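Below is one structure; the comments refer to it alone.
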Amino acid sequence: MSTLKDTKPAVRAAGAANTRAARPAGRKSRLTRQQSRAGWLFLAPALLHSTFFLAVPALAAIFLSFTNYDFSGAWQMIGTENYVELFQDTRFQAAFRNTILYTLAVVPLSMGLALIIALGLNQKIRGLGFFRTVYYLPVVTATVAVASVWLWIYHPGAGLANAVGSLFGLTRSEWLNDPATALPALIAVGIWQGLGAKMIVYLAALQGVSKELLEAANLDGANRWQVFRNVIWPALGPAHYFVLITAIVQTFQVFDLVFVMTKGGPVNSTTVLTFDIYNNAFEGLRLGYASAETVIMLILVAAFIYLGGRSQRKNQDG
Amino acid sequence: MVKTKLTPGRVVLYVVLSLGSLLMVGPFIWMILTALKSTGEVGTFTWLPREFHWSNFVEAMDAAPFLRYFWNSLVLTVGQTALTLIFCTMAGYALAKAPIRGAKGILNYFIALMMVPFQIILVPMFLLVKSIPLFGGNDILGMGGTGWLNTWWALIIPLAIAPLYTFLARQFYVTLPSELADAARVDGLGEFGIFFRIMTPLVKPALVTIGVFQIEAAWNSFLWPLIVTNSDELRPLQVGLAIFSQDPLNVQWPYLMAGATLATLPMIILFIFAQKRFVEGMASAGLKG
Amino acid sequence: MARRRAGFLALAVAGTLALGACGSGGTSTAPASNPAEVTGTLRVLVPSYPASNEGKAELEKVVASFKAKYPQVTVEPDFATFDTLNQKISTSIAGGQGYDVLVTGIGWVPPFAAKNVFEDLSTFGATAESLGESTNPALVPASEYKGKVYAVPLIAGPKPLALRKSLFEKAGLDPSKPPTTMADIKTAAEKLTVKDGAGNITQAGFDFWAAPGGYRQDFVALLGSLGKPLYNTNGEAEFAGSEGVETLEWMKSMVNNVQKYGAQNAAKSPLVNTGEAAMGFTGGYIDCSDKGVGPAVCDDLVYFNLEDKEGSMFTGGQLASVGKSSKLKAAAWDFIQELSKPEAEAGIATLNFAVPAGKDAADSAVVKSNPASTFVAANLADAKFEGGAANWLDLRGTFGTSLDDALLGKKSAEETLKALEQQSK
């Protein structure tokens, strides 16, 4: 791909040169202005689309969070009453806690596993296409089918999980019927389901690792671990960032799994924020209240992304 | 190609991958097997059907105009994917390479928009779509008619060009060196030419990935089409399949699984072809010249 | 620049909400007098009819019959599943495009009536008495809120009890004398529970047919047998008194005794149908053919109901209402009349594996087709419903979860029920 030894400093330098040149307004070169204009043109459709179809509804939701809109026609602004009520709502508290736990568990584990699988499937082994397709299957399998099979696996009496557990001498667990084990059980399913998509992104990114660098490293006599650490890992930076951000966002938004498998039970041990928002919005028909809950959720996600992003800061720019 | 030796490491790899595969493929196999069962058999959980009722597939597809639903999903999917591939790659490239002031901020803006859960913007988005000016009997202020409701516009446009794909595109474009663009500019190529002829071909895995994700999302979309359409002519596949789980207490499992299997097949075939493209690798940029 | 942007955004947000205020509505002419002159589009949301060919054909019959009276009105049916019904209804309300005819479930009437989504049917002369002339009177309370009628029952989905003759005989009990009081059920269930060597229950003595969070319908049935409804017709809670506490404590003594909490098979079907329980709650429809459970199982099942102070059978169902924002209310009411004709109700009942709500339900083919439906149709007088509070849709989730708190011993029965009473509106 490139004849240069390390693309990163070059890219950064070029990028910095461009922005440096862009800043002093009078000194902007015609070329940079032309590029900047083209850039805005390229960006415009997506930007306008997202603003109109996503940002405006999102702002409407934020506005609604300060009202008591409940589909019955007459609504008023009620300031922060929704937020105050939320913090005393036990269902919300449970959802808040469970969502954080779920995310903390699923994101790193599924990212790590996905990377390992991608590395494994990036080699010349037999049946490569078969394995990749198989690991992608959970992404396209109907959620009801997923739920049915996992409910069977987790069945306390006749299920696979307890059968396997007893082989290892573990006592029988009630899994999804026991408030203590229900969330971990769901986490396992979440990890399982999220592997395929992350694997694809990593596989695609692994294609971008410079072949010359790999050859050079191999010629230098580097072992597999050194090759991984010094060539592959840095090249995956932008991919990591993407997978991390999207993993956080999508894990926070887990809904289908909870809806189909546990409906938030038992006793709120698996209820998560999007499920509670759905309940408040469409079962309770309290859209204002649900919007307030969404705002809090957004703040929480943003916090997670910020913290996660900081740990990856140098990888954002590639 | 030299055959790689079967080292112990390799064996472990195969074993681990295979065990994992069993777990990955389990629900999918169950889905197919259940499609072959009779309605009475689904009272208890089983793997193998007593007899193989292949007729379930035909009966399921006969229960409603599924051919039309397949077609609708196809149109919807192609429409959304085309829009996404065009506009998200352009935007991603701009965010990665163009000297735009505030590019970082705009990227964060896109990420922030990704964070908003769909359930909560459902109602405002519905209102917006209903109020598109000059469509569906609306006046210039968007009042009085039904806007884009119950049209292809509502099915294709709002959910296409999602920030997620712009973000993904950007992450791939960012790995490309800018010298390529500089060299091409020197050669007299315009900005769009650089984007289209030089940079984009280098991120084919990204295009494939975006395509796979967007196609899968569009093909499986359920809630939004359910809310914005009410006529059979526009109904896509997943909404069509919902007739089998109309009443949560009396789900028609064999038909539902038969339909779901048939719905999944195109995705799998697509993926089998797509993942081959991952291996093709990127064409050499020819920088040496 | 920033201030301009903020201004635009505020405008957009306010605009979005204002958009909801503009109704679009179909064009219509007003006269209630001559149906043949009424024009417009009647938008109906009837999830009772799946969008399959079969469902569409059934709906067509109703539409054809309706159009004979209203030739110039176009009927526009919309589709939703019961899981997504609320999203459909709420977006339609928010968009100012409410439906003219809506079909919802039992328990939905008070919330939607309180929110002015449903029209008060006394406009058309419907009262509880008049409704009780064509509909089974036992189902009429489900359509009332604060003394007025807001819906017409179309079908009922009861959940009776059933026992397995063979398993009863094996345990030395007489299947022709089913236990109908809570005390008797418990005694029998304890004899019918079979455990394996490790103490795990392999055959439940009594199946609640409930997933975690799903015990509330059983609670309603059991409470009903003691003569109390969940809420009385004024919307006041009646479940927190001594009968409620007795019921909940009885349930607690049964859970993890004769059946493990939340025990279900992976297909979520009634365990008494599959033979995994000797006795328990079951559905109001059973397929006795070889494609279903088979004739042997059907012969082995004996259906019965709870009966202590009163007979009690939990019943769900579907009711049809007129939208309050409708511009074709008279036509909507006539459409509902079409839906509640015996043939139409029978069609809906067949599609939904339920029982028609009309008085002559026992004559319909679907009821006669299987022993479960025959039994429940004959016993509709014992119907007990959930709901009755104006915030029931919101509360029912919490209700289920709170019951679980008590069943798992985390809170006392009294505490739980008192807290739920407080949350009811």
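The values are calculated or read from the model by the stated rules, or taken from the named source; none is laboratory data. Every value quoted in this text rests on a predicted model; they were computed, and no experiment measured them. Methodologically, a virtual Cβ is constructed for each residue, glycine included, from the backbone with ideal geometry; neighbour enumeration extends over all protein chains shown.
When C:Val62 is tested against the conditions (1) within 30 Å of B:Gly259 (Cα to Cα); (2) in contact with a Lys or Arg (Cβ under 9 Å, 6 or more places away or on another chain); (3) at pLDDT below 90, the lone failure is (3). Is it true that B:Tyr93 is outside any loop (DSSP other than H, G, I, E, B), among the hydroxyl-bearing types (Ser, Thr, Tyr) and closer than 30 Å to B:Phe172 by Cβ? Here the answer is yes, as B:Tyr93 does meet what is asked.
In the condition set (1) surrounded by fewer than 22 Cβ atoms within 10 Å (Cβ to Cβ); (2) modelled with pLDDT under 90; (3) of a type outside the set (Lys, Arg), C:Gln422 is compliant with all but (2). Residues in region C:56-75 include at least one that is farther than 18 Å from C:Lys324 by Cβ, within 9 Å of chain B (Cβ to nearest Cβ) and without any contact (Cβ under 8 Å) to a residue 24 or more places away in the chain. Counting only helices (runs of 4 or more DSSP H) that sit wholly inside region C:209-287, those with at least 1 residues that are within 13 Å of chain A (Cβ to nearest Cβ) and not aliphatic (A, V, I, L, M) are C:216-225, C:271-274. Residue count for region C:331-354, restricted to those that are β-branched (Val, Ile, Thr) and farther than 25 Å from C:Thr374 by Cα: 1.
Across region A:158-195, which residue is nearest to the other protein chains (Cβ to nearest Cβ) among those that are of a type in the set (S, T, N, Q) and assigned to a helix (DSSP H, G or I)? This residue is A:Asn177. Evaluate region B:56-66: report whether one residue or more is in a helix (DSSP H, G or I), buried (at least 23 other Cβ atoms within 10 Å of the Cβ), of a type outside the set (Val, Ile, Thr) and within 8 Å of chain A (Cβ to nearest Cβ). No, there is no match, as no residue in region B:56-66 is in a helix (DSSP H, G or I), buried (at least 23 other Cβ atoms within 10 Å of the Cβ), of a type outside the set (Val, Ile, Thr) and within 8 Å of chain A (Cβ to nearest Cβ).
Is it the case, given these coordinates, that C:Gly25 is modelled with pLDDT under 90 and either facing chain B (nearest Cβ under 9 Å) or in a helix (DSSP H, G or I) (or both)? Here the answer is no, as C:Gly25 does not meet what is asked. Is it the case, given these coordinates, that C:Tyr150 is within 25 Å of the chain's Cα centre (by Cα) and within 14 Å of chain A (Cβ to nearest Cβ)? Spelling it out, it is not the case that C:Tyr150 is within 25 Å of the chain's Cα centre (by Cα) and within 14 Å of chain A (Cβ to nearest Cβ).
From the list C:Thr374, C:Thr401, the lone residue that is part of a helix (DSSP H, G or I) and not assigned by TED's automatic domain parsing to the domain that holds C:Thr104 is C:Thr401. When region A:108-132 is filtered for residues that are under 14 Å from B:Gln275 (Cα atoms), within 8 Å of chain B (Cβ to nearest Cβ) and surrounded by 21 or more Cβ atoms within 10 Å (Cβ to Cβ), the ones remaining, listed by number, are A:Leu121, A:Phe131, A:Arg132.
Of all positions in region A:78-88, at least one carries a residue that is at pLDDT 90 or above, more than 28 Å from B:Gln238 (Cβ to Cβ) and acidic (Asp, Glu).
Taken over region B:9-23, the residue count meeting the criterion of being closer than 14 Å to A:Tyr135 by Cα and either surrounded by 14 or more Cβ atoms within 10 Å (Cβ to Cβ) or of a type in the set (A, V, I, L, M, F, W, C) (or both) is 8.
Residues in region C:296-324 that are assigned to a helix (DSSP H, G or I) and of a type outside the set (D, E, K, R): C:Ala296, C:Val297, C:Cys298.
Listed by position, the helices (runs of 4 or more DSSP H) enclosed by region A:211-318 that each have at least 1 residues that are within 14 Å of chain C (Cβ to nearest Cβ) and more than 23 Å from B:Leu168 (Cβ to Cβ) are A:256-261, A:273-278, A:287-310.
Filtering region B:27-54 to residues that are outside any helix (DSSP H, G or I) and in contact (Cβ under 8 Å) with a residue 24 or more places away in the chain leaves B:Leu36, B:Lys37, B:Ser38, B:His53. Scanning region A:166-197 for residues being touching a Leu at 6+ places or on another chain (Cβ under 8 Å) and farther than 30 Å from C:Gly409 by Cα gives a total of 5. Selection of region B:196-229 for residues being of a type in the set (Phe, Trp, Tyr) and either surrounded by fewer than 22 Cβ atoms within 10 Å (Cβ to Cβ) or at the interface with another protein chain (Cβ under 7 Å from one of its Cβ atoms) (or both) yields B:Phe196, B:Phe213, B:Phe222, B:Trp224.
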